Amino acid sequence: MRKHYDYLIVGTGLYGSVFSHEMKKNGKKCYAIDKRNHVGGNIYTRNVRGIQVHEYGAHIFHTSNTKIWDYVSEFADFNHYVNSPIAVYKDEIYNLPFNMNTFSRLWGIKTPAEAKTKIQEQIAQLHITEPQNLEEQALSLAGTDVYEKLIKGYTEKQWGRDCRELPAFIIKRLPFRFTYDNNYFNDRYQGIPIGGYTQIIEKLLEGTEVALNVKYRDFVKKQMELKAQGQDYVTWDKVLYTGMIDEYFDYRLGSLEYRSLRFEQEVMPDCDNFQGNAVVNYTEREIPFTRIIEHKHFEFGKGEGTVITREYPVEWRPEDKCAFSENDTAECTSSEPYYPVNNERNDTLFVKYKELAKKEPNVIFGGRLGAYKYYDMDKVIEAALDTAETEIEK
Ligand code: UDP
């Protein structure tokens, strides 16, 4: 027997789940598949002794868009967590983002005027008129001390590239201000869903059929086999594909580059408070991880013992290559792509893949991987809602 669906959703991350929810509200039938053994993609959280562990890196929800805040609040209660990371550089401790607390600790100054003078003195010696890359952007915003101690090492670890080869926009994500304000984000709304992110995805996917541990190509092949064998099988009109666009096209134009992370998780039953903050960044190059997350602090210390995760940035390789890589470089490799590397080479290649995508009218590409964009969660929801609206209007 044939079971027919309007959409096959590939990937149950935030983008796929929001899209699915919207289409279902409009009377469409969706079937969702995910290659992992759980839903939620990278926002998946797992309960460990009452602590919501962000399994794929810290996710702090923030937005200035009231519509998006109201939307996401339908699926969970958000607490009043405000992200205020600490940076460790050698034996020095600083507040992030770059603000008066940071400048005061760096230079022993008190007023915004003193901080501005200090930064101006440093900038004046650099003669940068139009910042062309991340290094120039950071230097011309913050001066040499902030760049050398808090940006250069962290960024080069995170991206595995020289700061001069990275786009300036990456650093523009971070606020830079002359007030004593440690809030990492400028957005109007911010918080962590009480009880974790997985519940949001589960609610979004209510009424959608979900199959886990299955990859797109295998799923398509399997349905053809089932049909040929006269067994029950699934068909669909359209695909919403949230995986890597280059993988979809078998890398035929070349591979887009992605940055990945290796997570080292440690459950500490006898420790109540490991680092006193949810996020502590290690900004010097010599320490191989970029940050340590202590998950319980996202929910103000609730839960027994503590769980910490060290994040090691690594280069991403396609799974097949990953299996054979002999760790020849200093870095380990990982098969999960987390961050698109939006430099010129990759952005140009992506445009070419988008041209190919246009020739597949029944496939919609979206999400951080499908759109090859360094998206925050609110932007992912916005994009998914837009796509859903376009589909509904068709
Ligand atoms: N960054 C930095 N020092 C820090 C934290 C961040 O230089 O202590 C830079 C770095 O280039 C990083 C970018 O700011 O890639 C964006 O940081 P964010 O915290 O937004 O990264 P995400 O949470 O997306 O990993």
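The values are calculated or read from the model by the stated rules, or taken from the named source; none is laboratory data. Just so you know, these numbers come straight off a predicted model, no measurement behind them. Backbone-built Cβ (ideal geometry, glycine too); neighbour counts: all protein chains shown.
Across the range 201-214, not a single residue is classified as surrounded by fewer than 17 Cβ atoms within 10 Å (Cβ to Cβ), within 13 Å of the ligand (Cβ to nearest atom), more than 20 Å from Ile86 (Cβ to Cβ) and not polar (S, T, N, Q).
This table checks each residue for (1) basic (Lys, Arg); (2) in contact with a Gly (Cβ under 6 Å, 6 or more places away or on another chain); (3) under 30 Å from Gln52 (Cβ atoms).
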| position | (1), (2), (3) |
| --- | --- |
| Ala87 | no, no, yes |
| Phe98 | no, no, yes |
| Thr102 | no, no, yes |
| Leu106 | no, no, no |
| Lys110 | yes, no, no |
| Thr117 | no, no, no |
| Ala124 | no, no, no |
| Glu135 | no, no, no |
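Enumerate the pairs (first residue in the range 372-394 and farther than 21 Å from Val351 by Cα; second residue anywhere and modelled with pLDDT under 95) with beta-carbon separation below 8 Å, excluding pairs fewer than 6 apart on the same chain, so at least 6 apart or on different chains. The qualifying pairs do not exist here. On the basis of being buried (at least 17 other Cβ atoms within 10 Å of the Cβ), modelled with pLDDT of 95 or more and of a type outside the set (Gly, Ala, Ser), does Ile171 make the cut? Taking the combined requirement at face value, the residue does not satisfy it. Considering only residues that are of a type in the set (Ser, Thr, Tyr) and farther than 25 Å from His59 by Cβ, look in the range 231-244 and name the one that is farthest from the chain's Cα centre (by Cα). The selected residue is Tyr233. Contact map, the range 48-75: residues that are of a type in the set (Asp, Glu) paired with residues that are within 16 Å of the ligand (Cβ to nearest atom) and assigned to a helix (DSSP H, G or I), Cβ distance under 9 Å, separation 6+ or inter-chain. Pairs shown: Glu55/Asn42. Out of Ile68, Ile60, Ile33, one residue alone is over 17 Å from the mean Cα position of the chain (by Cα), more than 30 Å from Thr235 (Cα to Cα) and not acidic (Asp, Glu). It is Ile68.
Would you point out which residue out of Glu284, Glu266 is in a strand (DSSP E or B), modelled with pLDDT of 95 or more and more than 17 Å from the chain's Cα centre (by Cα)?
Going through Glu284, Glu266 in turn, the sole match is Glu266.
Cβ-Cβ distances below 6 Å connect the following pairs, each with a first residue in the range 287-301 that is over 13 Å from Asp272 (Cβ atoms) and more than 12 Å from the ligand (Cβ to nearest atom), a second residue that is small (Gly, Ala, Ser) and not in a strand (DSSP E or B), and a separation of six or more residues or different chains: Phe298/Ala278. Among residues of the range 173-200 that are more than 16 Å from the ligand (Cβ to nearest atom), those with a beta-carbon under 6 Å from a residue that is part of a loop (DSSP other than H, G, I, E, B) and of a type in the set (Asp, Glu) at least six positions away or on a different chain give the pairs Ile194/Asp77.
One residue stands out in the range 204-230 among those that are part of a loop (DSSP other than H, G, I, E, B) and under 26 Å from the mean Cα position of the chain (by Cα): the one that is nearest to Phe365 (Cα to Cα), namely Lys215.
Looking at this structure, is Asp218 charged (D, E, K, R), in contact (Cβ under 8 Å) with a residue 12 or more places away in the chain and either in contact with a Phe, Trp or Tyr (Cβ under 9 Å, 6 or more places away or on another chain) or more than 16 Å from the ligand (Cβ to nearest atom) (or both)? Answer is no for this residue.
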